[in-house]
Amino acid sequence: MSDIPHPQRTSLSDIIRTIWAKEKVWLFAAVLLAALLIFEPAQGVSSAQFTAINLRDVAPFLLLSIGIAAYAGATGADGLIARAFTGSPAVMIVIAAIAGGLSPFCSCGVIPLIAALLAMGVPLSAVMAFWLASPVMDPSMFVLTTGVLGVEFAIAKTVAAVSLGVLGGVVVHTMSRAGALSDPLRDGVGNGGCGGASARSPKPVVWAFWHDETRVQKFLREALKTTLFLAKWLTVAFLLESLMLAWLPADLVARSLGGTGIAPIGIATVVGVPAYLNGYAALPLVGGLIGQGMAPGAGLAFLVAGGVTSLPAAIAVWALVKRPVFFLYIGIALAGSFTAGVVFQLWTTL
C-alpha cells in the first residue's frame, strides 16, 4: 500500500460554492440575465442593451475617478488630498455640500468619485455632504428645472440639495466624534476611516511614479481592483433598473403621488427612495402632476429622495460601505427629503 495520499476530487458543487464565494455578484448578474433570455427573451435583450448603454455612459466617470484614485495612491498624493479635508469640520462640510450641488454628477456617476475619496482617507462627514448633495442638483439641472417647474422650484431644489448635504455631514461628524463610524468602508474597498489613514501617515509624494516599478505595480493593482469592484456592482444595478423601468413604469409611480397635505409628501418621500426616475425625465412628469393639483412639496420630496437614493445608487452604496453607514445614508435621505418637501409646501402656501 502506498502512503502517498490520493488527490481529492473536486465535485461540481464544490466548484459552484467556490465561484459563489468569490464572484457571487457576477454570478447573480449572469444567472439573472440568462433567466430573462430564457423566459422573457425580449426583456432579456432589452435589459442587456440597457445595461451596456448605461455602463458606457458612466464609463468616463468610472475611468476618471479610478485613474485619479490609483494615481493618488501610487504617487502618495492621497495624503495631500486627505489633509485638505482636515480643517474646520463646519467649513469642510459646507464647502463639500456646495461643491456637490454644483457638480455635474448623477446618482450613479458620483459613486466612483465617492469610492475614490473614501479610499484616499477623506473624512466621511465631508464625503457624505458631497454624496447627498451631488445627485440632486447641478447647473444643467437648474436650468431645466427652471424651464419646466419655474425658478422658485429650481431654487428650492438647490437649497434642498445643499441643506441635505450639510445635514448629512453634521450628523456623521457628530456620530464620528462620539466614536461611531470609524471604519465606514467594507473590507477590500479601501481605508477611509474618520480622518483617514493617508492623513494620519503622510508619505513623500513622487509625482512621476512610473519611474518606480513598485509604484507602477501599485497603480495597476489598485486600478484593476477598483474597476472590477465598481463594474460588477453597477452591472447588477443597471440590470435591476431595467426591470424596474419595464415592470414599474415611472409615470405609474409618479401618478400614485397625487393629493395635497402632509401625507402625500411622506408617501412621495418613501416611494422616491427605492423608485428610479431619471432626474431629467422626472421633471415633466412631476410638472404635469403639480399642474393637476399635486402638492409642490410632494413633488420636491419625490425628486430629492429619488435623486439621492435611486436603486442603482443604493446598490452601489451598499457595496461600498458597511451596513450602519448605508442605513444612516438612507435615513438622512428620507428625513431630509421629507423636511424639504414640508418646508417648501409651507413656503408656497404663505
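Residues that are assigned to a helix (DSSP H, G or I), surrounded by fewer than 24 Cβ atoms within 10 Å (Cβ to Cβ) and modelled with pLDDT under 75 are absent from region 115-129. Checked across region 243-252, the condition of being surrounded by 20 or more Cβ atoms within 10 Å (Cβ to Cβ), touching a Leu at 6+ places or on another chain (Cβ under 8 Å) and modelled with pLDDT under 65 holds for no residue. Restricting attention to region 259-291, and to residues there that are of a type in the set (S, T, N, Q) and under 18 Å from the mean Cα position of the chain (by Cα), which single residue is modelled with the highest pLDDT? By that ranking, first place goes to T269. Checked against the criterion of being at pLDDT below 70 and closer than 28 Å to A126 by Cβ, the candidates A77, A90, A72, A21 yield just one match: A77.
Would you say V136 is aliphatic (A, V, I, L, M) and within 22 Å of T269 (Cβ to Cβ)? It is true that V136 is aliphatic (A, V, I, L, M) and within 22 Å of T269 (Cβ to Cβ). On the stretch given as region 216-226, residues that are modelled with pLDDT of 80 or more and surrounded by fewer than 18 Cβ atoms within 10 Å (Cβ to Cβ) total 6. Of all residues in region 201-231, those satisfying the criterion of being small (G, A, S) and over 20 Å from the mean Cα position of the chain (by Cα) are S201, A208. For region 312-350, a residue qualifies if it is exposed (fewer than 15 other Cβ atoms within 10 Å of the Cβ), under 18 Å from the mean Cα position of the chain (by Cα) and in contact (Cβ under 8 Å) with a residue 12 or more places away in the chain, and exactly one does: P324.
The values are calculated or read from the model by the stated rules, or taken from the named source; none is laboratory data. Just so you know, these numbers come straight off a predicted model, no measurement behind them. Using ideal geometry, Cβ is built from the backbone for each residue, glycine included, and neighbour counts are taken over all protein chains shown.
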